[in-house]
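Each value in this text was obtained by applying a stated rule to the coordinates, not by laboratory testing. What you see is a predicted model; the values in this text were computed from it and never measured. As a convention, Cβ positions derive from the backbone with ideal geometry for all residues, glycine included, and neighbour counts pool all protein chains shown.
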Amino acid sequence: MSEAQQAHSLLNATAARAGQRLQTASPARERDSVCASIFCPLCLSSATSHAFRDAGCEVRACSHCGLFFVHPYPRGPEQHRRVESGEYPEIELLDCSRRYEGERFYYDRHFDVIAEQCDGAAAILDVGCGTGNLLERLADRVPCHRLGIELNPSAARTARKVAKCDILEVPFETFRSARKFDVITMINVFSHISSFDAMFESLRLALAPGGRVILRTSEMSRRVSRWNQFHWGVPDDLHFLGLNTLDFLCAKYGFTVASRLRVPFEDELFRRSRCRQMGRSGWHNAIKRTALRVPGALRLARNIYAAALGERLFVSFIVLVARSEDAPKSPSGIASVLKRGGNAECQLQPR
Ligand SMILES: [Zn+2]
């Protein structure tokens, strides 16, 4: 057993006990600047601190790898089922036609930059394909084998209809395929998958040699405010990258950043086509319609937001390639936690 595996075993052995303690932690304890019993789900460091709360959930930040994560952190893919069942009323569940319309607006803005990365691909996998608009567009632009993964059954049905390709309803963490993919897309999906180990293992196994992973996800600075977004989508969104977390992920799992485009959220939030994406909240939709009708309103709103909260939250378009060596590097985060104190009583890394 390797040192890293031994570290995992040691930490796993006490996870249940520690998990119990986390469930009963008092609100005052949660707000402590550093809480020794809460471990980062990525690097397992105990140096985590309260960042903000939204929708009754605490979001904490890790001082070691920079990850922001919900606390308590779920231990498996059951979180998706809880969200889909409507257990969290703050999370907006859109019907498929509205979701498809939202995807159309979204990919009107972002499809070209994704398609550029897909040129020449023989096989493409879209993880969390939603109602299938990306796969549908790729059919025209990049003639190749296409496959989608979508856990929501009705979205998967819509995706099969519009994209005319296979859509699997399996957690990506358990996905295995004899076929290898030149491009794997994860558009606004990364933050929903609860096991980093299992996610990166699936990515590595599914990628063809020289293949690319295209991520679209959030990155944020330690100065981020709870008000950078009205709704954070927690706990459906489980974690957000800090500005340096991607470097940690790549070192741990054996990937390299081929390109990264980091756009301030304010430049995305106040785009006209984003405002055309209607949700279920009537008053939100009314604000959007007004902003679209009043000349200069969007620019003014953007400038006010940028002055108060700008350059703290970013949407990033990231391309990763697997490093040529087969095995990922030793998870230095675990080793450093053990070296630092021997008080590593639990880990929240679900398997
Ligand atoms: Zn961490």
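Summing Lys and Arg as +1 and Asp and Glu as -1 over all other residues whose Cβ lies under 9 Å from the Cβ of F270 gives a net charge of +2. Per-residue Cβ neighbour counts within 10 Å put E169, E101, E266 in the sequence E169, E101, E266, beginning with the fewest.
Near L246, within a Cβ-to-Cβ distance under 12 Å, what is the net charge of the other residues, with Lys and Arg +1 and Asp and Glu -1? Charge balance near L246 sits at +1.
Quote to one decimal, in nm, the extra length available between A178 and E268 on full extension: 0.36 nm per residue of separation minus the C-alpha distance between them. Intermediate values should be presented prior to the final figure.
Numbers: separation 90, 0.36 × 90 = 32.40 nm, distance 3.80 nm.
Stretched fully, the A178-E268 segment lengthens by 28.6 nm.
Based on other C-beta atoms within 10 Å, arrange F52, F314 from fewest to most. Walk me through the numbers on the way to the answer.
Working: F52 17, F314 21.
Listing F52, F314 from fewest to most nearby Cβ atoms yields F52, F314.
Applying 0.36 nm per residue to the separation of S63 and E101 and subtracting their alpha-carbon distance, the gain on full extension is 9.8 nm.
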